[in-house]
There are 2 protein chains.
Amino acid sequence: MFKALADPTRRKILDELTERDGQTLFEICARLAMKYQLASSRQAISQHLDVLEDVGLVETRREGRYKFHHLNTAPLEPIVERWLKPRSGRESE
Amino acid sequence: MFKALADPTRRKILDELTERDGQTLFEICARLAMKYQLASSRQAISQHLDVLEDVGLVETRREGRYKFHHLNTAPLEPIVERWLKPRSGRESE
DNA sequence: ACAATAGGCAAGTGGACACTTGCATGTCAA
DNA sequence: TTGACATGCAAGTGTCCACTTGCCTATTGT
């Protein structure tokens with residue numbers, strides 16, 4: 001899961017899905033190219049989406065020849081619990 | 001920063017410092033070896049600590065020939081803000 | 001049916017990274 | 001001062017990973 005977040009392109013994809021959920025592969029490619037001048041190929045983005053789906057951060061829904069990608073932030077919450085919560089008694093420091 | 005979290009050994013180091021803050025390199029090595037049967041060498045752990053210090057997750061304090069390592073969770077908080085907060089209006093879903 | 005669109009599969013390549021190895025520096029106790 | 005302890009530096013190595021390349025499958029519209 002953390003490895004999935006290690007790549008800057010994948011983080012941008014998550015940003016993109018945060019802003020506009022349920023996009024197709026082509027939409028994501030187009031918007032990343034426009035916003036960040038990211039010249040990532042379609043296959044590269046597709047592989048990133050596979051990684052994100054494997055760790056549960058992205059869920060997909062097929063509809064005909066379209067595949068919509070949805071964000072799922074649930075896997076992120078254990079991060080907070082793991083290191084932020086155990087020290088929550090020291091927030092005034 | 002996310003790359004620093006991508007390595008499982010580094011995450012275990014953070015766990016270790018969460019449980020017991022301000023350990024030296026040798027302490028961390030010993031405790032990791034005992035707890036997780038991690039046969040990581042001293043140099044490997046040292047390099048991991050360098051990475052964690054570079055991204056600000058660990059801060060160090062020198063005292064004679066000892067170097068104490070302290071956890072700093074501040075760099076983790078933007079993670080929450082970035083993807084969890086923008087969707088906080090949908091928690092009942 | 002056929003062309004166009006949306007996406008998938010898989011092998012190959014270059015670079016980054018975790019780890020080792022070997023030696024060097026600095027600190028403390030006798 | 002000398003030896004033991006705690007840590008630092010740097011080059012070399014093997015593996016993993018992001019990306020490309022080339023071709024394939026499936027769905028839609030005419």
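The values are calculated or read from the model by the stated rules, or taken from the named source; none is laboratory data. Not measured: the values here are computed from a predicted model. Every residue, glycine among them, receives a Cβ derived from its backbone with ideal geometry; neighbour counts consider all protein chains shown. Areas reflect the complete protein model, heavy atoms only, side chains present, ligands, DNA and RNA absent. Shrake-Rupley method; radii C 1.70, N 1.55, O 1.52, S 1.80 Å.
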> Where the accessible area of chain A is counted over protein heavy atoms with a 1.4 Å probe, how much of it, in %, is carbon and sulfur?
Replying inline: 49 percent
> If the label for A:P8 sits 7 angstrom from Cα along the Cα-to-Cβ line, what are its distances to the same label in every other copy, in nm to one decimal, shortest first?
Replying inline: 2.8
>> Quick check for me: using +1 on Lys/Arg Cβ and -1 on Asp/Glu Cβ, what's the dipole size of the protein assembly as shown about its Cα centre, in debye to the nearest 20?
In response: 340 debye
> Where along chain B is the Cβ that lies nearest the axis linking it to chain A, and how many Å separate them?
Replying inline: B:A6, 2
> With every protein chain present, what is the per residue accessible area of segment A:2-90 (1.4 Å probe, Å²)?
Replying inline: 55 Å²
>> I'd like to know how the protein assembly as shown sits against the 2.2 N^0.38 Å rule of thumb: what's its Cα Rg over that expected value?
In response: 1.20
>> Based on alpha-carbon atoms only, what is the radius of gyration of segment A:2-90 relative to the globular estimate 2.2 N^0.38 Å?
In response: 1.20
>> What distance in nm separates the two pseudo spin-label positions at A:M34 and B:A6, each 7 Å out from Cα along the beta-carbon direction?
In response: 2.9 nm
>> Beyond a 28 Å Cα-Cα separation, which of these cross-linked pairs lie in this structure: A:K3/A:K85; A:K12/B:K35; A:K35/B:K12; A:K85/B:K3; A:K3/B:K85; B:K35/B:K85?
In response: A:K12/B:K35; A:K35/B:K12; B:K35/B:K85
